[in-house]
Amino acid sequence: MIIAEQKPMDEIMGLLQGHRKVLVLGCGTCVTVCLAGGEREVATLTSVLRLGGKLEAVEQTIERQCDAEFFESVREVATACDAILSLACGVGVQLAARLFGDKPVYPALNTKFMGTNEAAGKWAENCLACGDCQLGVFGGVCPVTRCAKSLSNGPCGGSEDGRCEVDPDNIECGWQLIHDRLKALGKLDALTAVAAPRDWSKTHCGGPRRLTREDVAQDS
Amino acid sequence: MSETTYKSGSNLEKLMAAGEFIVTAELGPPKSADPEIIKTKADHLRGWVDAVNITDNQTAIVRVSSLCASKLALDLGLEPIMQMTCRDRNRLAMQADILGAYLLGIRNLVCLTGDHQCFGNHPTARHVFDLDSIQLIRMVRDMRDKKIFACGDEIKASAKAALHEPRMFIGAAANPFADPFEFRVTRLEKKVEAGADFIQTQCIYDMDRFQRWMELVRARGLHKRCKILAGLTPLRTLGMAKHMRDNVAGIKLPDSYIERMERSKEPKTEGIAICAEQIQALRQIEGVAGIHLMAIEWESKVAEIVQKAGLTPRPVPLV
């Protein structure tokens, strides 16, 4: 899922300066699960915004901010506000901005990455959406994401005791993980061939990506 | 032997082919546009080493570019080994620089991954890593041997023009001290397979582990497929020794060296003595074709180390 965290309060207050009535809009999907932008976080943030009494804050949470249809339920209340503070990821903030063309829309979160929940309050990045998944080759560990240099033929010289020199306390060497996993599977031979340069045009390097599926498009 | 039998015709390649025990050193370009620093360092090295690595934004700190400093070194009478990392350039910029370097007379290129930018003076920079070091090696080899760019196009100015490929002698790095240990030799083999003609290792302090690594290298016959230069960095101070041991990933520094630096009244002299001893020991190891002296900001001591290790005089450049 998409992992996000709330921006510092000062920054949010700065964004809202000059506004009197704000819709604080939560999202019921990823950011609810990662405890950054769901109903509970909306309630907490709204009460903080109301402190001081200068700002009128209306709280709402919709199921998903990445689908236009879910915004219909808040269209009326949004129209009555002079700004929207979205607690969605960057995707949701942008869709809100598109749907409410005459309304300033501000992000309350910093969208961090796509990742897993590791433990209570801990998340880790696992996928960069490179558009050309090679996990089948690399034992289910992504070299693009898990290696700080996205090496296809790692590990580099900065791998020590299974840790990455970029931040040994917090980052595992992705290539050590790939090595260990393939070794356990009896497939270390897979790492002897030189991996060819990646086709980065399938990533964001090729421009903002779109996907059209004719089968689905025709059915709907 | 006619010149056409060489891949690049660099002096380094010729000396290696002649079976000489090679000495290379490192010249770190300055962090300013001061030409005197390069001249001074070149003066320290000229005549004492066979070729000189010109580092590429070493430790992710902005310096005079390795391409320009290599040209300056060449004009100052040194044979440059231009270093190129994957951190700051994509495949377009790399190939453009390789073409340009060849035109300027540079014939040796060491292909490196590059330190992560978080270690340098621009930690907020975006890194590139379009290619990794092994892919870079293969690209340079294909430019030379297949006369093609990374995209597959032939290296010529137009459809009817003649091929004019850059012919580089290709170097790579190997770190016998990083993990996973047993995979280190596989990675070296991948570099050789990709096209590396010679290897310069990470600086060696743990001689036992280096010996074990060389055993694995010999078991796969890799020392016969590429020339291996053992990397050395002389210790200047006790503080530096401790820093290397404690803070630099991929370097193992035995306590015995720390103790010697601690006991000595003249640590600098002791550091040079240790380095000269290491060279003597490394010369005895089958498959070690030379040494690579990375005397970081201490180029002035290279001559002394080379003399102490009995590596003088250096062979005259071959025509």
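The values are calculated or read from the model by the stated rules, or taken from the named source; none is laboratory data. Please read all numbers here as calculations on a predicted model, not as lab measurements. Note that each Cβ is placed from the backbone with ideal geometry, even for glycine, and that neighbours are counted across all protein chains shown.
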> Can you name the residue in segment A:197-220 that is exposed (fewer than 13 other Cβ atoms within 10 Å of the Cβ) and within 12 Å of chain B (Cβ to nearest Cβ) and, of all such residues, is nearest to B:A196 (Cα to Cα)?
Replying inline: A:D199
>> Could you tell me how many of the residues in segment A:148-168 are surrounded by fewer than 18 Cβ atoms within 10 Å (Cβ to Cβ) and either under 27 Å from the mean Cα position of the chain (by Cα) or more than 10 Å from chain B (Cβ to nearest Cβ) (or both)?
In response: 3
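What residue, of B:V110, B:V128, is within 14 Å of another protein chain (Cβ to nearest Cβ) and closer than 30 Å to B:G310 by Cα? Steps first, please.
Working: B:V128 fails: closer than 30 Å to B:G310 by Cα.
Exactly one residue qualifies, and that residue is B:V110.
From the list A:I171, A:I178, which residue is within 12 Å of another protein chain (Cβ to nearest Cβ) and either surrounded by fewer than 17 Cβ atoms within 10 Å (Cβ to Cβ) or of a type in the set (K, R) (or both)? So that I can check it myself, show each step before the final result.
Details: A:I178 fails: either surrounded by fewer than 17 Cβ atoms within 10 Å (Cβ to Cβ) or of a type in the set (K, R) (or both).
Being within 12 Å of another protein chain (Cβ to nearest Cβ) and either surrounded by fewer than 17 Cβ atoms within 10 Å (Cβ to Cβ) or of a type in the set (K, R) (or both) holds for just one of A:I171, A:I178, which is A:I171.
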>> Here are the criteria: (1) more than 14 Å from chain B (Cβ to nearest Cβ); (2) in contact (Cβ under 8 Å) with a residue 12 or more places away in the chain. Tell me which single one A:C133 does not satisfy.
In response: (2)
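For (1) buried (at least 20 other Cβ atoms within 10 Å of the Cβ); (2) not in a helix (DSSP H, G or I), each residue gets a yes or a no:
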{"site": "B:P29", "(1), (2)": "yes, yes"}
{"site": "B:V49", "(1), (2)": "yes, yes"}
{"site": "B:M82", "(1), (2)": "yes, yes"}
{"site": "B:D97", "(1), (2)": "yes, no"}
{"site": "B:G105", "(1), (2)": "no, yes"}
{"site": "B:L109", "(1), (2)": "yes, yes"}
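What are the residues in segment A:173-220 that are charged (D, E, K, R), in contact (Cβ under 8 Å) with a residue 40 or more places away in the chain and closer than 30 Å to B:L188 by Cβ, if any? Give the steps one after another, and end with the answer.
The first filter runs over segment A:173-220 and keeps only residues charged (D, E, K, R), leaving A:180-181, A:183, A:187, A:189, A:198-199, A:202, A:209-210, A:213-215, A:219.
Applying the additional criterion that residues be in contact (Cβ under 8 Å) with a residue 40 or more places away in the chain yields A:181, A:187, A:198-199, A:202, A:209.
Passing the criteria: A:R181, A:K187, A:R198, A:D199.
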>> Every residue in segment B:274-292 that is closer than 13 Å to B:I228 by Cα and not in a helix (DSSP H, G or I), please.
In response: B:I285, B:E286, B:G287, B:V288, B:A289, B:G290, B:I291, B:H292
>> Just the residues that are loosely packed, with under 14 Cβ neighbours inside 10 Å and at pLDDT below 95, please, taken from segment B:270-299.
In response: B:E297
> Could you say whether any residue in segment A:133-149 is part of a strand (DSSP E or B) and either modelled with pLDDT of 95 or more or within 24 Å of B:E182 (Cβ to Cβ) (or both)?
Replying inline: no
> Do we have B:V23 as in a loop (DSSP other than H, G, I, E, B) and hydrophobic (A, V, I, L, M, F, W, C) here?
Replying inline: no
> So, of the residues in segment A:181-196 that are facing chain B (nearest Cβ under 10 Å) and part of a loop (DSSP other than H, G, I, E, B), which turns out to be nearest to B:R91 (Cα to Cα)?
Replying inline: A:A196
